[in-house]
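Presented below is the structure to which this report refers.
The values are calculated or read from the model by the stated rules, or taken from the named source; none is laboratory data. Note that this is a predicted model, so its numbers are computed, not measured. So basically every Cβ, Gly included, is an ideal-geometry build from the backbone, and we count neighbours across all protein chains shown. All accessible areas refer to the heavy atoms of the entire protein, side chains included, with ligands and DNA or RNA removed. Shrake-Rupley method; radii C 1.70, N 1.55, O 1.52, S 1.80 Å.
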Amino acid sequence: MHSVGICGTDIHNWKKGYMLLEKYPIKPRGLGHEGSGVVSASGDGVTEVHIGDRVAIQPLFPCMECEFCEAARYNICPKIALWIGTGGQFTRYIVRSAKCCYRLPDHVSFEEGALLEPLALGLHAVQRSGVGIGKTVLIVGAGSIGMLCLLSAKAAGATETCVADIFQGRLDSAKKVCQTSVVLVDSTDGEEMAIKIEETMGNMPDITIECSGSEAAIQMAIHATKPGGTVALAGLAPPMATIPLAIATVKELNITCVFRYAHDSYRRALAAVSTGTINAKPVITHHFPLEKAPEAMEAARVAKDGAIKIIVDCYKQKE
């Protein structure tokens, strides 16, 4: 392994001990699923990759037999696994199916390879929410998923964007990623924040992509979105949440959910990066060596120094 990004899911699993719901506890295992590296060995009959190839590693393991996999929606396969055995990617070496390895062009860095997994989610969220030319978009949450949704929305043709977050440092970092307006979320009153967002954008957004998973943020997204618009829930939400459903109803909002990414999203992420359609490198704000992975996780959890995407360098450092 060379470069592995820290995801909010890693932090959730680290602190909560379960995946999405308490009934899905995480067995003792390594974390990390946004990685790239070099093929150092291969089994008999492997033709997809060769020793020495630089690859990004798609971490999902669907069954490829159910109705959802057949419909190219393997992200909702009932049997899908994010890890096999005990192997997360925060390690020096890992064994993965060759079918999960995507060769990186020479001009695409290992760090960009590590961004393909979260970028795939961003592209999927933008596709699910209907972002297109001329749309105005609010991104709630300026973490790495939020920023990659922002870049994906820009690439899809969004003309006006705004990013809202509780951390000023992250908003400062967001403005370095690409041109966008920002709003500091300094109240849990969703209606109050919606007014602030409308004043900043000059109108209510057509589409809101909620990337934090916070109950208050979901409420704010519903209040902020234009009547007839779309709220896409891409964050890791709590098992139960109170939302202003009556407001959503009278505004006739479309509420859509986003879970990971579908069949072609990872390949499209590689195409977007390799062609320069999306420059995801500014999303990376910090690097930590593998030996300091716990410190890196904590820095990601508290958005230390405006951290957006933290990369753990898993290769052996030179003395």
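One table, with the values for the structure above:
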{"read-out": "Euclidean distance of C-alpha centroids, region 62-133 and region 164-240, integer Å", "value": "26"}
{"read-out": "Segment SER187-ILE76, length gained on full extension (0.36 nm per residue, minus Cα span)", "value": "36.5 nm"}
{"read-out": "Coordinate range along principal axes, alpha carbons of region 66-178, Å, largest first", "value": "42, 36, 31"}
{"read-out": "Lysines with Cα under 29 Å of LYS251, excluding same-chain neighbours fewer than 8 positions away", "value": "LYS135, LYS154, LYS196, LYS226"}
{"read-out": "Degrees separating the helix 168-177 axis from the principal Cα axis of the chain, which is the longest one", "value": "70"}
{"read-out": "Sites ALA155 and MET240 - FRET efficiency at Förster radius 41 Å, r taken between beta-carbons, to 0.05", "value": "0.75"}
{"read-out": "Accessible-area composition of the chain, carbon plus sulfur, in percent [1.4 Å probe]", "value": "53"}
{"read-out": "Derived scalar couplings ³J(HN,Hα) [region 151-162; Karplus, 6.51 cos²θ - 1.76 cosθ + 1.60; whole Hz; x for Gly, Pro]", "value": "5, 5, 5, 4, 5, 7, x, 4, 9, 9, 10, 8"}
{"read-out": "Accessible surface of ARG73 - all protein chains present, 1.4 Å probe, nearest 10 Å²", "value": "100"}
{"read-out": "Nearest-0.05 FRET efficiency for LYS99 and LYS281, computed from C-beta distance (R0 25 Å)", "value": "0.40"}
{"read-out": "Percent breakdown of C-alpha pair distances by 20 Å bin, ordered from the shortest bin, for the chain", "value": "33, 58, 8, 0"}
{"read-out": "Among PRO238, PRO289, PRO59: highest mean-square fluctuation, GNM of the chain, C-alpha pairs under 10 Å", "value": "PRO238"}
{"read-out": "Partners for LYS79 among lysines (Cα-Cα distance below 30 Å; same-chain residues under 8 apart left out)", "value": "LYS15, LYS16, LYS23, LYS27, LYS99, LYS309"}
{"read-out": "Cβ-derived FRET efficiency at R0 30 Å, ASP264 paired with LYS304, nearest 0.05", "value": "0.30"}
{"read-out": "With DNA, RNA and ligands ignored, accessible area of GLU252 (1.4 Å probe; Å², nearest 10)", "value": "140"}
{"read-out": "Considering only the chain, percent of DSSP beta bridges that pair antiparallel, nearest 5", "value": "35"}
{"read-out": "Added length on full extension, which subtracts the Cα-Cα distance from 0.36 nm per residue, ILE51 to GLU291", "value": "83.8 nm"}
